[in-house]
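> Encoded as structure tokens, here's the structure I'll be asking about.
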Amino acid sequence: MFDRLSDTRTLVIDDFGQFRQTFKTMLHRLGVQQVDQASNGNEAVKLCMENDYDMIFCDYNLGEGQDGQQVLEELHQRSVLQKGSLFLMVTAETTSAQVMGAIEYRPDAYLTKPFTNEQLGQRLKRLLNKNDVLKTIHDSINKGDVTNALKQCDAVMQKSPTARFSCLRLKSELLEKQKAYDEAMALYKSVVQEQPLLWAMIGIGRLYFKQGLVEKALTHFQQMREDFPQQVSVLDWVAKCQQALGDLEQSEKTLKEAIQISPKSVTRQSTLGEIAQTLEHHDIAQQAYAKTIQEGYHSCLLQPQYYQHYFKNTQAVAATLGERDQKKMLSTTETVAKRMEQKYKNNPGAIVHNLAALASLFNTVGNNSQADHYLSRVSGTLDSPDCRISQQDFQQLKHQLDELDGTALNDKILQKISSRLVSVKNDIEQRQQNEQQAVAINREGMQFARQNQQLEALEKFRQAITLAPYHSNYALNAIQTILLNDAFKNDPALIREARDYLDNISLENSGKRWRLYKKLTTLLPND
């Protein structure tokens, strides 16, 4: 056990220094030598994007900002975790909502404080032994070699029969991602015939849905619902099938049942809000979007339009309330609005939409002074040079403003939006021209590189980067030219240039370009 953990790179995410030090000591006693630390979600995600961790221990409660569930959520969304990396949630909380919320994102273990060094060691031993058996499969998946990963699934099953179901799960999911639906379905069904495992049963229903057999999928998931009444993933699929078949009333009812079990899911709450809004059940929609915003404020899943839907449904509900209840609801709404502006301070376009929705809300309840206040804020935000309005956004904003009483301010705002729309159109055209030029210049650079004219090649790559700085290919070409050329790699100024390019590259954690990026990172000399 001690030898096995000595080369394991580990990250501990916790904002309480005393526990962190105690936990680090426990890990050292078990043989873990490389332990990095993060005190909040942003820091943790950044470290995970820069390093491949074998184990991550994350406290559920991280103080202000993301909680442990949202950290895991973002790591999944960004595809940062490698196959085989262990994520263990650590918490003293045992409430149903928190436990269910964390489990939905499938941590490898859920550790409830307090626990002893021996208990931690036994849990890690089981998890690491399982990972050791599946290592060849995980390695192939991480390299993007699906063909070999499928072969390794069969090989591991032959060598380690106790890992058979784990291999079958990996194999069927790989086949499904490859859209080999018939083969995947056969595997899922063979597993269920042998043992009714939840993941295989969900796989069958999911494939029915993907192949357009929605009624068959619904029947399947409804049968599962009887056997797994508290399994929210089953309820989500029931609701999704009902929604696809147009039965929104039943879909709404099913989602409300799922939320009773696990209320912290941003996606589930926003889906309920969407369906309830379509049904004009504004009270349900208003509450669902309020919960979406509350639970998702620090989540990567929160979208600016959720605020707009919240304000729109608040408008419908507030109009039906008495003076006292209405005043209380509007006060809460303005608090939400302030947090919205803070969250999207770097996205003026999102703020414009939401301020327009607020103006409409206060206009509806007869508070003209507040309506004018938010209209003025719309006008001021449109003056921001970073404000971008698309054609679709323009039509939506025009519709929002048309709902208000016609005023000179409305006309002024619409003129500003039209002007901003023209500006955006020009920006798009210029960007397209730049991209076309960058492609041609990069091609010239590659020709120079093949002719071993490295200085000329580097200059061309620099020109391409200037024209299209968001394209990683040009930066990767420039970095290779610097780091793989004996005449350049010892020049401090060029090394700094290569480091700057690497720092500004953002790639998904897979594929050929990612592997090249990782290789170049290792070639970069230390400061």
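> What are the pairs with Cβ atoms under 6 angstrom where one residue, in region 363-390, is surrounded by 19 or more Cβ atoms within 10 Å (Cβ to Cβ) and the other, located anywhere, is among the aromatic types (Phe, Trp, Tyr) and not in a loop (DSSP other than H, G, I, E, B)? Sequence gap at least six, or different chains.
Ala371/Phe362
> Can you pull out every residue in region 187-238 that is of a type in the set (Asp, Glu) and either closer than 22 Å to Asp154 by Cα or crowded, with 19+ Cβ neighbours inside 10 Å (or both)?
Those that are of a type in the set (Asp, Glu) and either closer than 22 Å to Asp154 by Cα or crowded, with 19+ Cβ neighbours inside 10 Å (or both): Glu194, Asp236.
> Within region 199-308, which helices (runs of 4 or more DSSP H) (wholly inside it) include 1 or more residues that are aromatic (Phe, Trp, Tyr) and not assigned by TED's automatic domain parsing to the domain that holds Arg78? Break it down stepwise before answering.
Details: elements: 214-227, 232-244, 248-261, 266-278, 282-296.
It comes to 214-227, 232-244, 282-296.
> In region 38-93, what count of residues is obtained for those that are of a type in the set (A, V, I, L, M, F, W, C) and touching a Gly at 6+ places or on another chain (Cβ under 9 Å)?
The initial filter retains those residues of region 38-93 that are of a type in the set (A, V, I, L, M, F, W, C), namely 38, 44-45, 47-49, 55-58, 62, 71-72, 75, 80-81, 86-90, 92.
Pick out the ones that are also touching a Gly at 6+ places or on another chain (Cβ under 9 Å) and you get 58, 62, 71, 89-90.
Of the residues in region 38-93, 5 are of a type in the set (A, V, I, L, M, F, W, C) and touching a Gly at 6+ places or on another chain (Cβ under 9 Å).
> Given the structure, is Gln242 buried (at least 19 other Cβ atoms within 10 Å of the Cβ), modelled with pLDDT of 95 or more, closer than 29 Å to Val133 by Cα and in contact with an Asp or Glu (Cβ under 9 Å, 6 or more places away or on another chain)?
Details: buried (at least 19 other Cβ atoms within 10 Å of the Cβ): yes; modelled with pLDDT of 95 or more: yes; closer than 29 Å to Val133 by Cα: no; in contact with an Asp or Glu (Cβ under 9 Å, 6 or more places away or on another chain): yes.
Taking the combined requirement at face value, the residue does not satisfy it.
> Something else: Select the helices (runs of 4 or more DSSP H) contained entirely in region 133-195, then report the ones holding at least 1 residues which are in contact with a Gly (Cβ under 7 Å, 6 or more places away or on another chain). I'd like the intermediate steps shown before the answer.
Values: elements: 146-159, 164-177, 181-194.
By residue number, 164-177, 181-194.
> If you don't mind, there's one more thing I want to ask. Output yes when any residue across region 10-29 is without any contact (Cβ under 8 Å) to a residue 40 or more places away in the chain, within 29 Å of Pro263 (Cβ to Cβ) and surrounded by fewer than 19 Cβ atoms within 10 Å (Cβ to Cβ), and no when none is.
no
> Restricted to region 472-502, and to residues that are modelled with pLDDT of 80 or more and among the acidic types (Asp, Glu), which residue is farthest from Gln451 (Cα to Cα)?
So, considering only residues that are modelled with pLDDT of 80 or more and among the acidic types (Asp, Glu), the one farthest from Gln451 (Cα to Cα) is Asp500.
> Sticking with this one: Filter region 141-171 down to residues that are within 25 Å of Gln193 (Cα to Cα) and in contact with a Ser or Thr (Cβ under 6 Å, 6 or more places away or on another chain), then give me how many there are. Don't jump to the end; show me each part of the working.
Narrowing region 141-171 to residues within 25 Å of Gln193 (Cα to Cα): 149-171.
Next, from what is left, pick out any that are in contact with a Ser or Thr (Cβ under 6 Å, 6 or more places away or on another chain): 149, 152.
Number satisfying all stated conditions: 2.
> Test of understanding: among His309, His298, His399, which residue is modelled with pLDDT under 90, under 24 Å from the mean Cα position of the chain (by Cα) and under 26 Å from Leu272 (Cα atoms)? Steps first, answer last, please.
Details: His309 fails: modelled with pLDDT under 90; His399 fails: under 24 Å from the mean Cα position of the chain (by Cα).
Sole residue among the options that is modelled with pLDDT under 90, under 24 Å from the mean Cα position of the chain (by Cα) and under 26 Å from Leu272 (Cα atoms): His298.
The values are calculated or read from the model by the stated rules, or taken from the named source; none is laboratory data. All of these numbers come straight from a predicted model, not from anything done at the bench. Here Cβ is always computed from backbone atoms with ideal geometry, including for glycine, and neighbour counts include all displayed protein chains.
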